[in-house]
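The values are calculated or read from the model by the stated rules, or taken from the named source; none is laboratory data. These numbers come from a predicted model, not from an experiment. Because the Cβ atoms are built from the backbone with ideal geometry, glycine has one as well, and the counts that use them run over all protein chains shown. Areas reflect the complete protein model, heavy atoms only, side chains present, ligands, DNA and RNA absent. Shrake-Rupley method; radii C 1.70, N 1.55, O 1.52, S 1.80 Å.
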Amino acid sequence: IKQGNHSHQTTAMAPSTTPIQPKRLSYAPIHRSQSAIDFVDDDSESQFPRVESDAVLCKSHGGGGVDPDGLELHPRHNSNQATDADDGDTFDDSPSPRRHSNLSAKALAYLRDRTSSKEIKISRDERFRHQELPMLCRRCPNAYSRLAKMLTTNLIEDGALLRLYRRTCCEGHVHHQRVLQGREGVEEEGVHEHESNVDDGGVILVRLAKFWAISLLGIVAVHSLAKWVKWETDQDYTINDFIIYDFTSVVFDLLFFFFAGRIHNSSGIDVLFPWGFFIVAGAIYPSLATDFEFLRHSLSMFEIMCNWPFILWIYVIVLVVFAVVFIGALLRSHRRRGVLISRLFESVVLLFIFILPYATNNNFHLHHWYGMLWLGSQCNAPDWFSKCFQAYALGSYINGIAVYGRDPVLGCNYAFYRSTNQECPFMTCYEESTMGENGTDHYKDFVEPNWRTCNADALP
């Protein structure tokens with residue numbers, strides 16, 4: 001190469017020192033009605049948002065999402081994790097699978113890299129589904145978070161009670177070695193026995209003990225409050241009567257409510273919201289309602305057909321409208337979590353257990369302790385409205401037991417059956433002159449109240 005042409009040749013062959021700026025891709029976050037992500041040209045990185053929960057591209061039931069080109073869009077999650085579909089009640093509310101065949105592999109890879117694993121985890125976590133700040137609190141997120149933490153924090157930690165119980169009762173050396181992960185994804189501090197699992201019920205037993213303690217103490221408190229405020233009560237019913245006649249049945253009622261209502265999967269009822277507020281509301285409102293004359297009626301066929309005033313019918317119609325809306329939201333929640341069929345099956349079974357055996361009996365009286373035990377056990381969704389009503393139902397159950405006692409739903413018919421079956425001496429007025437075939441006394445038939453003629457004399 002000649003000297004004269006050296007500079008020219010060098011200039012022609014040297015690569016450019018200015019780097020080529022790749023064109024950035026951005027997108028507008030999609031809505032559920034959109035079928036693809038809209039890409040636009042944008043050179044500002046600050047305007048490039050991360051992928052939100054609605055923009056998670058694909059999700060399969062057993063692992064990570066894969067696009068039609070075979071590119072994995074997000075990391076696979078643990079396939080051993082229990083889901084609500086198999087009734088493990090670990091709720092996974094991530095979006096349904098989406099396919100975007102119109103996107104190139106390069107664009108999908110770019111979106112995958114721009115989406116952090118933390119965002120994907122949050123988008124699937126039930127705890128973060130409904131935690132958007134209200135409009136008034138968006139300027140004070142710290143105060144709102146403190147208030148929310150105060151209202152939803154357990155008064156007594158489950159793990160602390162479990163450690164105390166195991167230190168007191170369990171044999172062998174107990175080590176603080178691991179953290180037990182709760183069924184709702186909340187990490188709870190726990191303990192386990194060295195090189196073996198302790199078969200003592202664990203955290204569920206602790207929650208059941210707290211549930212029993214709060215409910216039974218609530219019955220005693222509401223009973224004393226009703227007597228002090230002079231609400232409408234059974235004046236002959238005392239705490240001693242409760243312990244002798246109703247205590248065992250109430251304990252089993254609460255045991256059924258605890259498991260059928262999925263309370264064993266929650267963080268416990270010793271929180272102010274929703275349990276504390278709505279348990280108190282349910283325990284007080286039924287007694288306050290008796291101050292209104294039109295609400296001093298029971299739910300039985302005789303009362304409905306013979307004694308209900310017109311204004312009570314209007315009140316019931318309004319309640320039915322709210323009940324329809326509530327049931328629709330509850331069914332939608334079950335369907336979203338993939339457990340609609342199993343929950344409907346449970347409801348049918350509970351209907352056969354609680355209502356149908358007594359529905360044809362004219363003495364059937366749906367006490368509010370009985371009705372709330374039946375309804376509250378079916379409001380077992382993780383949504384806030386379901387938990388609120390479940391807490392209210394528990395409070396109403398507490399009120400019914402504390403104020404009137406655990407009266408039988410068949411009323412005098414049940415008392416008549418028990419008395420005649422045991423041949424109680426005070427039933428001599430019902431005896432007939434003839435003896436039964438086996439030498440026992442024979443009693444006259446019980447006369448049921450007739451709601452068709454509004455006759456309730458019940459005289460033999």
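How would 165, 430 line up by accessible area, probe 1.4 Å, largest first?
Solvent-accessible surface, decreasing: 165, 430.
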Worksheet item: For labels at residue 356 and residue 285 in the simple 7 Å Cα→Cβ model, what's the distance in nm?
Response: 3.0
Worksheet item: Can you list the residues of region 265-282 with backbone N under 11 Å from a point 7 Å past the Cα of residue 227, pointing along Cα to Cβ?
Response: none
Worksheet item: What FRET efficiency do you get for residue 313 and residue 421 if R0 is 45 Å and r is their Cβ-Cβ distance, rounded to the nearest 0.05?
Response: 0.70
Worksheet item: How do 257-266, 231-240, 392-401 rank on mean C-beta neighbours within 10 Å, highest first?
Response: 392-401, 257-266, 231-240
Item to complete: Would you calculate the separation in nanometres between label points at residue 322 and residue 428, each defined as 7 Å from the Cα along the Cα-to-beta-carbon direction?
Response: 5.3
Response to the item:
So, with points 7 Å from each Cα along the Cβ direction, the residue 442-residue 160 label distance in nm works out to 6.8
Worksheet item: Mind checking the dipole of region 233-303: about its Cα centre, +1 per Lys or Arg Cβ, -1 per Asp or Glu Cβ, Debye to the nearest 20?
Response: 380
Practice prompt. Rank by packing, highest mean first: peptides 211-224, 343-356, with packing defined as the count of other Cβ atoms within 10 Å averaged across residues.
Written response: 211-224, 343-356
Worksheet item: FRET efficiency for residue 234 and residue 142, Cβ-Cβ distance as r, R0 = 51 Å, nearest 0.05?
Response: 0.55
Fill in: Dipole magnitude of region 198-241 about its Cα centre (Cβ charges: Lys, Arg +1; Asp, Glu -1), debye to nearest 20
240
Practice prompt. Please list 357-368, 275-286 highest first by mean number of surrounding beta-carbon atoms within 10 Å per residue.
Written response: 275-286, 357-368
Item to complete: Determine the alpha carbon to alpha carbon distance for each of 149/210; 230/387; 210/387 and list only those over 25 Å.
Response: 230/387
Fill in: Long-range HN-HN contacts of residue 442 with modeled amide H, under 5 Å
432, 436
Worksheet, complete the sentence: Toy charge model, Lys and Arg Cβ at +1, Asp and Glu Cβ at -1: region 240-365 dipole around Cα centroid in debye, rounded to 20, equals 800
Fill in: Estimated FRET transfer efficiency when R0 is 22 angstrom, pair residue 220-residue 384 (beta carbons, to 0.05)
0.15
